[in-house]
Amino acid sequence: MSDPIEKNFNLGGSVEKALAGDFELKPISVISEAWQLTMRNFLTFSPAVILLIAIQAAIFIVALKLQIGDLSAILVMFQDPESLQPGIFQSIFVANFSYEVVAAPIYAGVALMAMSHAAGLRTETRHITKGLPFMMPVILVTMLNLLSQAIAGALLPFLSLYLSLAFSNAVLLVCEKRLTPVKALWTSMRAVNKRIFSIAVIYLVTMFAFVAGMMLYGLGLVIAVPFFFHAKGIIYRNMFGIRLQVVATQDAPKQENEKDEHIDESDDDNTPPTSGTPRGGSNTFDA
């Protein structure tokens, strides 16, 4: 058996092209493709999304309960605004900050799954844990992002909204390009500034999808959240590209053209999980 032949290539853009503004990002095309990916991967991706929402909700409730004790105080606040406690909003802010930071590695895993879909690969629910190897840098970049938005929001609300767009690619840059948290934030901001209007339009549509999902008693979030992640994955692919590796093996004449394709995003895991594909090749996701 001959040695396998490996070839690396980048699907989509690159960091250099992103910083130079040399990439296309048409809102209608991105939104259309994100919707198609959402429908195509609905049954396999939805469980991971539901699990993410459940984890975030649990962390939020626990963090809030640790601060105010009786959660019924929030319901009383809406029924009787005069009984509003001064620290209730601060407690909600801290609980929101807590769930975003603590659940950041799971969030990163879901984002990596959506990025894989944007590359035409398949994923499984267990791939939600693919963000765990990057736990510390992902938590750090999330904390820096949230703190920057909080400080900017105190000065000018619109500045906080801008930073949420500018830093939107930072988590994937940490996981897929192995950038440090500070460099990921800076790189994301510089690249987003090249197409800030197009990116704002895309995320505005995803926000409307969230609102529509909430109006359906929250059931629509099962579609709105995957739609958001797929839009994020497509934006990242077009801007920064996704590193892929093709491995060709020649075991026998009958297998001369067999190939194994997988995303090469890890230096430690040499046995990535495989998904069901036709004979002669397999698409795998490895973060």
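The values are calculated or read from the model by the stated rules, or taken from the named source; none is laboratory data. On a predicted model such as this, the values are computed, not experimentally measured, just so you know. Heads up, the Cβs are rebuilt from the backbone with ideal geometry, glycines too, and the neighbour counts pull from every protein chain shown. Side chains included, ligands, DNA and RNA excluded: accessible areas come from the protein's heavy atoms. Shrake-Rupley method; radii C 1.70, N 1.55, O 1.52, S 1.80 Å.
Pair-distance distribution P(r) for the range 20-144, from all Cα-Cα distances in 5 Å bins starting at 0: 2, 10, 15, 15, 14, 14, 11, 9, 7, 3, 1, 0 percent. Of T206, T180, the residue with the largest accessible area leads and the full order is T180, T206 (1.4 Å probe).
Starting from 0 in steps of 5 Å, tell me what percent of the Cα-Cα pairs of the range 99-227 lands in each bin. P(r) over the range 99-227, rounded to whole percents: 2, 11, 16, 20, 24, 18, 7, 2, 0.
For the peptides 131-144, 159-172, 192-205, the ranking by packing is 159-172, 131-144, 192-205, with the highest mean count of neighbouring Cβ atoms within 10 Å listed first. The share of C-alpha pairs in the range 1-73 whose separation exceeds 19 Å stands at 70 percent. Only the Cβ atoms of Lys and Arg (+1) and of Asp and Glu (-1) were treated as charged; on that basis the dipole of the range 1-40 about its Cα centre amounts to roughly 200 debye. In this structure, the pairs whose alpha-carbon distance is over 28 Å, taken from K65/K183; K130/K194; K130/K232; K194/K232, are K65/K183; K130/K194.
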